[in-house]
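These notes concern the structure reproduced below.
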Amino acid sequence: MAKRQFTGKHALAVFVAAFGVIIAVNLVLAYSAVKTFPGLEVKNSYVASQEFNERLQEQQALGWDIRAELVGGLLVLRITDQTGSPVEVAELQAVVGRATHVKDDFSPDFTFDGITYAAPAALGKGNWNIRLVAKAKDGAEFAQRVPLYVKG
């Protein structure tokens, strides 16, 4: 049986194949990242930055604390003031979703029972974000991202 020699052509083929795989993987990952990115957070970042401190002071003056948990198929939010008393807001909007993509995003319809806000939710295992905007009865806006980890 004749021995095959490893020639320059073979070396070139190995290098081209290896770099071809690396480039192909990078292109697939870049496409996936761009495809799943939800887009801009605000239309004009300069205007948003000019209003940031005002909104922050308004929100801190409310002194609210928000906790979230999943209990028996219900997404439960506890909004409390500085004394730990439940807060009934004038308006509550939320988007629940994963941090990595928007395909699972949904807006739950919360109901207030005097202590907590609850809405039916079928959340899979893992990390979830609740992007919450609540308005106080005096019109002050409270916006926060509330992380939620759902155990299997």
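Answer yes if at least one residue in region 103-111 is basic (Lys, Arg) and either more than 19 Å from the chain's Cα centre (by Cα) or in a strand (DSSP E or B) (or both), and no otherwise.
no
Residue by residue through region 125-134, note down the ones that are open to solvent by 100 Å² or more (accessible area, probe 1.4 Å) and either of a type in the set (Lys, Arg) or more than 19 Å from ASP105 (Cα to Cα) (or both).
Hit for region 125-134 is LYS125, nothing else.
Conditions tested, residue by residue: (1) over 14 Å from the mean Cα position of the chain (by Cα); (2) closer than 21 Å to TRP64 by Cα; (3) at pLDDT 95 or above; (4) small (Gly, Ala, Ser).
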site: SER85; (1), (2), (3), (4): yes, yes, no, yes
site: GLY97; (1), (2), (3), (4): no, no, no, yes
site: THR100; (1), (2), (3), (4): no, no, no, no
site: ASP113; (1), (2), (3), (4): yes, yes, no, no
site: GLY126; (1), (2), (3), (4): no, no, no, yes
site: ASN129; (1), (2), (3), (4): no, yes, no, no
site: ALA134; (1), (2), (3), (4): yes, yes, no, yes
site: LYS137; (1), (2), (3), (4): yes, yes, no, no
site: GLU141; (1), (2), (3), (4): yes, yes, no, no
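Residues checked against (1) touching a Phe, Trp or Tyr at 6+ places or on another chain (Cβ under 7 Å); (2) of a type in the set (Gly, Ala, Ser):
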position: GLN60; (1), (2): no, no
position: ILE66; (1), (2): no, no
position: GLY84; (1), (2): no, yes
position: ALA90; (1), (2): no, yes
position: SER107; (1), (2): no, yes
position: TYR117; (1), (2): yes, no
position: ARG145; (1), (2): no, no
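Quick check on my filter: what residues within region 135-152 are under 22 Å from ARG98 (Cβ atoms) and either buried (at least 17 other Cβ atoms within 10 Å of the Cβ) or not polar (S, T, N, Q) (or both)?
Correct list: ALA143, ARG145, VAL146, PRO147, LEU148, TYR149, VAL150, LYS151, GLY152.
Within region 106-115, is there a residue that is open to solvent by less than 50 Å² (accessible area, probe 1.4 Å), of a type in the set (S, T, N, Q) and within 25 Å of LYS35 (Cβ to Cβ)?
No - not one qualifying residue is present in region 106-115.
Looking at ALA122 and the list (1) in contact (Cβ under 8 Å) with a residue 40 or more places away in the chain; (2) surrounded by fewer than 13 Cβ atoms within 10 Å (Cβ to Cβ); (3) assigned to a strand (DSSP E or B); (4) not hydroxyl-bearing (Ser, Thr, Tyr), which single condition is not satisfied?
The one condition ALA122 does not meet is (3).
Would a scan of region 27-37 turn up a residue that is exposed (fewer than 11 other Cβ atoms within 10 Å of the Cβ) and of a type in the set (S, T, N, Q)?
The answer is no, given that none of the residues of region 27-37 is exposed (fewer than 11 other Cβ atoms within 10 Å of the Cβ) and of a type in the set (S, T, N, Q).
Does region 42-59 contain any residue that is of a type in the set (A, V, I, L, M, F, W, C) and at pLDDT 90 or above?
no
Suppose we keep only residues that are in a loop (DSSP other than H, G, I, E, B) and among the charged types (D, E, K, R) within region 58-91. Which one would you say is least open to solvent (accessible area, probe 1.4 Å)?
ASP81
The values are calculated or read from the model by the stated rules, or taken from the named source; none is laboratory data. This is a predicted model, so every value here is computed, not measured. With ideal geometry, Cβ positions are generated from the backbone for all residues, glycine too; neighbour counts draw on all protein chains shown. Areas reflect the complete protein model, heavy atoms only, side chains present, ligands, DNA and RNA absent. Shrake-Rupley method; radii C 1.70, N 1.55, O 1.52, S 1.80 Å.
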